[in-house]
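What follows is a short report on a single structure.
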Amino acid sequence: VSLRVALLADGGGAPAADLAAALRAAGHDAVVVDASSRATRAADSLLARRGFAVPLAHVPLAARAVAAGAYEVAHAFTPADAAAALLARRRTGRPVVFTPSEPPDRPGLADTRLRVRLWEAAIEGADAVTAADEATRTALWRWFALDVPVLDAAGHERLYRSLLS
Amino acid sequence: VNGHACASVVVASHARALRLRWLLNALEEQTLTEPWEVVVVHDYAPDVAARVIERHPLAEAGRLRHVAIEPGSGSPARQRNVGWRDARSELVAFLDDDCRPDARWLERLVAGARGSGGAVVQGATRPDPLEYGVLAAPHVRTMSIEPVNRYVQTCNVAYPRALLERLGGFDERAVTGEDVDLALRARAGGARIVAAPDAVAYHAIESFSLAGIVRANLKWRYLALLVRNHPELRRELPLRVFWDEDHMWTALAVAGLAGARANRFALALAAPWLRRALSRRGGSPRGVLVAALEAPGQLVRGAGEVAGLAVGSARHRTLVL
């Protein structure tokens, strides 16, 4: 049975696109949800001037798109996209997976407003956290004391099914 | 680490497991080559403690121990007392769990202690440069301390264990200001406090909502008890009543706003506060505009602090605002 998966990627990130392609090749309905636009980027530039972690402006739009899309799983790759997926989960009840697109490091964990809270919300709120590679796995353990599996597309497919069972 | 540690780092931690992890990572990078140890006293759930503390490389190297207390039963004073009494070294260094020590912090603090002849050694605490971006928020909390200051906060200080024993440790009746109380008692007992300005700890910069910062600052109402126990502190207070200048001008501004209905000239009392409030973001037009937009929230925050201290003053029967 094929799965319908939303892969949240502000600006169309490569990890989401790669995973989407692999899932589609396996016969699933994987959709890259990119809610960013010229308007959200303009809003983000204003937020950045007030010290906020950006991009943020697309979050409510991405949440609405995920909630409206009848997806079975929402998979996010940045803390902000995870916030959108968690917002959508309030309406849909569908599971959220978070896979950081880059290894977290100390300088980037708390450098702007809301950054730490977004990371904490993503790590604690997601139904599952995974790593795309060993470097990210190691970094998640070092900075969040979080032991996560490194998964490829097939591993993620199995994870989705276990979250839905 | 056996009984020969040259220093014990004591950390009291509550509701900051993530920051504690980052602190432990920074401690792992210390350059001090002699044996030393870390004692963390916390109220975390067993699974959190296992992940964050027990499986940390410092613990696996035998350098980190932890003492768990019942959730909700701790206070900074009690946890630090538990920590230093459990420590194995004659030198006890205190760090807050929202700090990140520089890699040479402990090496320099220990060097300062060795040259001090049994004095208390205070290091420098500065806002974390990795988190400067958060300063753009209207309500932030951080620490900036150049030693030796009058309060000798425990976010970065080392006490000889013998002195802690002689003083009986921290006063566990104090909800806040227990570190100031300890330093004042140490001074009164003849202890010297020396500076180690190159032993630097970086303090987190955390942003709060207006309600959050007002709530967080309510704990300062217990400072009235500190001033009652140490009336000599009044010599340092503006007009011997206000905790700092900000509180003095805030109280005047609130009085001016309250009196404006009866006499509009009373608003002039708010002028000194307004001048300070408008300059807090620098003198550029944009900075003044941002400061003006933030001014109402700043007044509410300051008034909340003064009101909290007023409540504490009534409770402890001594006036500190």
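The values are calculated or read from the model by the stated rules, or taken from the named source; none is laboratory data. Since this is a predicted model, take the numbers as computed values, not measurements. Heads up, the Cβs are rebuilt from the backbone with ideal geometry, glycines too, and the neighbour counts pull from every protein chain shown. The protein model used for the area step is the full one, side chains on, heavy atoms only, and it has no ligands, DNA or RNA in it. Shrake-Rupley method; radii C 1.70, N 1.55, O 1.52, S 1.80 Å.
For this structure, a couple of remarks:
- When the solvent-accessible area of the range A:1-141 is split by element, carbon and sulfur atoms take up 54 percent of it, the probe being 1.4 Å.
- The residues of chain B present an accessible area of 44 Å² per residue when probed at 1.4 Å with all protein chains retained.
- Proximal charge balance of B:E165 [Cβ under 11 Å; K/R count +1, D/E count -1]: +2
- Relative contact order computed over chain A (Cα-Cα under 8 Å; 6+ residues apart), in percent: 20
- Residues in the range A:82-109 occluded by at least 10 Å² - accessible area, probe radius 1.4 Å, against chain by itself: A:R106, A:P107, A:L109
- Taking the 1.4 Å solvent-accessible surface of the range B:162-294 as the whole, the part contributed by carbon and sulfur is 59%.
- Positive-end residue, the protein assembly as shown charge dipole about Cα centroid, Cβ charges, pick of B:V311, B:P127, B:A204: B:V311
- By definition, a body whose alpha carbon gyration tensor gives a ≥ b ≥ c is oblate when a/c is 1.5 or more and a/b is not larger than b/c, and chain A fits this oblate description.
- Solvent-accessible area per residue, Å², over chain A with all protein chains present [probe radius 1.4 Å]: 45
- By the helix-only formula, in which each DSSP H run with n ≥ 4 contributes -39500 (n - 2.57) and the sum is divided by residues, chain A has a 222 nm mean residue ellipticity of -15500 deg cm²/dmol.
- Surface burial for A against B, with a 1.4 Å probe and both sides summed, reaches about 2000 Å² of accessible area.
- Reduction of at least 10 Å² in accessible surface, 1.4 Å probe, comparing all protein chains with the chain by itself, residues of the range B:129-148: B:L130, B:E131, B:G133, B:V134, B:A136, B:A137, B:P138
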